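Okay, structure first, notes after.
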Amino acid sequence: MSANIINFLIFPGGVFAVLFALILVSLERILVARLQGRIGPVFYQNIIDIVKLFNKETLIPKDAKDFVFKFAPLFGFSGMLVLIYFLPIPGVYSGVKGDYDLIILIYFLALPAISYIIGGGASSSPYAAISVSRELKLMLAYESAFIIIAITIALYVGDGKGVFSLKKIVDYQLQHGAFLFDWKMWPAFVAFLIVLLAALEKPPFEIAHHNDADIMDGYLIEYSGAPLALFEITSALKLLVLSIVFQIFFWPSTLSGDLFINFLWFILKTIILLGFIGITHATFASYRADQGFKFLLKVPLVLAIISLILVLLSIKGLI
Amino acid sequence: MSGFLKIAIRNLLKGPVTDPYPFGKTFIPEKLRGKLKVDASICTACGTCQEVCPSGAIYIKKENDVYVHTTWYNTCCFCGNCEFFCPTGAIKLTNDFHTANTKEEKFKFVTIAAISEKECPVCGNKFVPATLPLIEKSYPHINDEIKNLMKLCPECRKKAAFERLYQ
Amino acid sequence: MSIITRSPFLFRINTGSCNGCDVELATTAMIPRYDVERLGCRYTGSPKHADILLVTGPITARSKSYLVEVLDELPNPFVVVAVGTCPTSCGIFRDSYAIEGPLDKYVQVDVNVPGCPPRPQAIIDGVAKALEIWKQKIRNQK
């Protein structure tokens, strides 16, 4: 029982997850700055930002739904914290044993977006309203591709029967080799990277917020102080969660039985994924809203379906 | 996109090119129009700069025997008109760009030059004498006679010139 | 608590500026040579996130109401910086029928950065001065 509480509050969830996620976001800012030839902030910049935001005054708009406006951030934040407690980290943390945690993952991954939608909707700003509708469409666009990728993996692992246990997916890959090096899963891998960028709303999918020329800060526009800090932590935790999901789905390989070396390997893999996100952030411009949705509805969905068909064919023994 | 990627990777390898300004040195162009420098020994307090300043930053006021030439930077637009029109070349724009000032300093952020009047050796009236750079512009050859006349006040100079004519 | 002064969020508002000062502000933010992100600054899209407000332009009659609205939306403690000669004292537009400036009429301006436009280094100087004032304001609040 006490081990569970430590797992939830200190490692890998809770304190460690929040600090590590914030440092990851700062590292991404540094990488983008370096790719643009700038120096960039210090590696703990986002932690300072959060501390400062908690010390600031919180303003609530006159027309906002007070209660919803204040507590919407908690929704996504708690969802992400629970998710990190649930997910296994290959070689480091075994996660909560359950046979259907892939479905829980799919549900909980939508929580931050839903909390943005609730919070933005309650803030009674036209910018937030536009941003919320975009966020909703964006979520619909990438979520379908993500679900097909998850089903593909579940079918592949169960050899025709769906296996929805993340633990089993990790174990299967540890025995048979990571999906990253399996050609049948490559279309799904590319689709997953696109979905990752869309879910994190990094360029080229910086459509719903931080889109200064278009809708300013989107659903965050009316937020200040502590709720804003919670939103920032939520988006940072989402980055961490998605990088763990990436490692579970495609690259759960471990180096040795030693926990510490595996932990360093986990951090290295996270930073490699972060490097990809940083490079796309620095080299791509953002899509216009309609272009972004069209792209998301076409490319990742088709790639994921190609992968699904390949996997089904291999299960039937045709490839 | 590949072009962008190439530039990005090159930036990563070459390292940042950021100016270390608040902590280190920075590059300042020679011809940057920054704060003024007024040479009070050349200035004749003619008021051309005050007339020509589009934003009214320059103000010349007489206090007792001294003309006070004040430039308030918080309304100066650093156009350089004063330097261009100054007949004596007393006003020069330096390349000092440090213009940030706090609320307390707002009305104290000025350059002051005091142009003092001199006494005429003949009649004792106070006046601002013409200075050498101004005379150099007007007369091709300057001899001692002109230099002596410079020291006299306008009234005495008229008298001296007429006396020289009818001698 | 002095560490939190290393994360100022900047918000800029153009109150009828000719865009010269805005270009210089964009320069300080984006050009690799004058990177303000290394000081911890970040440009935000909403005044409600901001700690330092940068105002450019003489306050024109049309933009006045928007400026007043933005000033109301800033959470305490905040610092106001007037960038350029126009918000500081209206400069060459003084006494025009279309100008409602200077900025002092509406809010206590903590730092003035005159210039037409000011040099990016001068703006960085101004932000550094604003940070010191912000630190004092945080201390006074507690």
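General observations
- Residue that is farthest from the chain's Cα centre (by Cα) [pool: residues in the stretch C:85-101 that are within 9 Å of chain B (Cβ to nearest Cβ) and in a loop (DSSP other than H, G, I, E, B)]: C:ARG94
- Matching residues in the stretch B:57-73 - criterion: being within 14 Å of another protein chain (Cβ to nearest Cβ) and over 20 Å from B:PRO87 (Cβ atoms): B:TRP72, B:TYR73
- Tally, over the stretch B:31-53, of residues that are within 14 Å of chain C (Cβ to nearest Cβ) and surrounded by fewer than 13 Cβ atoms within 10 Å (Cβ to Cβ): 1
- Restricting the stretch A:34-63 to residues that are surrounded by fewer than 18 Cβ atoms within 10 Å (Cβ to Cβ) and part of a helix (DSSP H, G or I), the residue that is farthest from the other protein chains (Cβ to nearest Cβ): A:PHE54
- Complete set of residues in the stretch B:63-81 that are closer than 19 Å to B:LYS108 by Cβ, of a type in the set (Phe, Trp, Tyr) and not in a loop (DSSP other than H, G, I, E, B): B:TRP72
- Helices (runs of 4 or more DSSP H) wholly inside the stretch A:164-268 containing at least 2 residues that are touching a strand residue (DSSP E or B) at 6+ places or on another chain (Cβ under 8 Å): A:226-249
- Scanning the stretch B:2-49 for residues that are closer than 24 Å to A:ILE39 by Cα and touching a residue at least 24 places away in the same chain (Cβ under 8 Å) returns B:ILE28, B:PRO29.
- Matching residues in the stretch B:43-62 - criterion: being more than 14 Å from B:PHE127 (Cα to Cα) and in a loop (DSSP other than H, G, I, E, B): B:GLY47, B:CYS53, B:PRO54, B:SER55, B:GLY56, B:ALA57
- If the condition is being touching a strand residue (DSSP E or B) at 6+ places or on another chain (Cβ under 7 Å) and within 12 Å of another protein chain (Cβ to nearest Cβ), then the stretch B:104-138 contributes B:LYS106, B:PHE109, B:VAL110.
- Breaking point among (1) in contact with an Asp or Glu (Cβ under 7 Å, 6 or more places away or on another chain); (2) free of Cβ contacts under 8 Å to residues at least 40 places away in the same chain; (3) part of a strand (DSSP E or B), for B:LYS92: (2)
- Only listed residue being part of a strand (DSSP E or B), among the hydrophobic types (A, V, I, L, M, F, W, C) and either out of contact with any strand residue (DSSP E or B) (no Cβ under 9 Å at 6 or more places or on another chain) or within 11 Å of chain B (Cβ to nearest Cβ) (or both), chosen from C:VAL68, C:VAL109, C:VAL80, C:VAL127: C:VAL80
- Test result for B:THR99, assigned to a strand (DSSP E or B), closer than 20 Å to B:CYS53 by Cα and within 14 Å of another protein chain (Cβ to nearest Cβ): no
Where a number appears in this text, it was derived from the coordinates with a stated rule and is not lab data. From a predicted model like this one, the values you see are computed outputs, not experimental measurements. Neighbour counts are summed over all protein chains in view; Cβ atoms, including those assigned to glycine, are modelled from backbone coordinates with ideal geometry.
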